Amino acid sequence: MKHTKFYFIWLTVLLLLSGSTYSQQSKFKAIIVYNFTKYIEWPNITNNEFVISILDNKELSKELKFIAEKKKIGMNKLVIKDISQIEDIGNSQIVYIPNKRLKDLPECLTKSQNENILIVTEFDNGCQKGAGINMLSDGGKLSFEIKKNNITSKGLTLSSYLVDMGKEIN
């Protein structure tokens, strides 16, 4: 666990020190999203696949697919799905909604209401609007806010370490 903590902290420091371009930010977001899987437990993963659905964000999807070629989530194959509409979230464990698709969050919340799906967003007040985790960018520095209740209400088990790494929203 100490090695994992060091790795996560190192990535965070790297993010803070970088003068990020859009492409670099997509790489860092992909690493952060992948690392969320280490601190959240999902029940009932089917088909030995851990699915991350990316709504309308090809750059992030590309970076996550690069990670998926080399990494697994536990014993499960990591699958990255490009989706253009919320109705395609299917058997996802994570759904990522970018800022330009804010209007799709209410539909995603409704469709995933009784599912073990972590919703990750990247817009103002994402957690207050229902996301479990919301990515933030301030002057090129990435961080995230987290709302425990929005995650645990989905039947997911959350590590307190992840909460400590982000900004907790009540």
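Checking each residue in segment 84-95 for being over 15 Å from the mean Cα position of the chain (by Cα) and of a type outside the set (D, E, K, R) picks out S84, Q85, I86, G90, N91. S53 meets the conditions (1) among the polar types (S, T, N, Q); (2) in a loop (DSSP other than H, G, I, E, B); (3) within 16 Å of the chain's Cα centre (by Cα) in every case but one. The failed one is (2). Do we find that K70 is modelled with pLDDT of 95 or more, basic (K, R) and in contact with a strand residue (DSSP E or B) (Cβ under 8 Å, 6 or more places away or on another chain) in this structure? In short, no.
Candidates are the residues of segment 69-82 that are under 25 Å from L105 (Cα atoms) and of a type in the set (A, V, I, L, M); the one that is surrounded by the fewest Cβ atoms within 10 Å (Cβ to Cβ) is V79.
Kindly indicate whether any position in segment 144-167 is free of Cβ contacts under 8 Å to residues at least 12 places away in the same chain, in a helix (DSSP H, G or I), over 23 Å from K27 (Cα atoms) and small (G, A, S).
Checked against the condition, which is being free of Cβ contacts under 8 Å to residues at least 12 places away in the same chain, in a helix (DSSP H, G or I), over 23 Å from K27 (Cα atoms) and small (G, A, S), segment 144-167 yields at least one hit.
Within segment 109-139, the set of residues being among the polar types (S, T, N, Q), touching a strand residue (DSSP E or B) at 6+ places or on another chain (Cβ under 7 Å) and not in a strand (DSSP E or B) comprises S112 only.
The values are calculated or read from the model by the stated rules, or taken from the named source; none is laboratory data. These numbers come from a predicted model, not from an experiment. Virtual Cβ from ideal backbone geometry, glycine too; neighbours counted across all protein chains shown.
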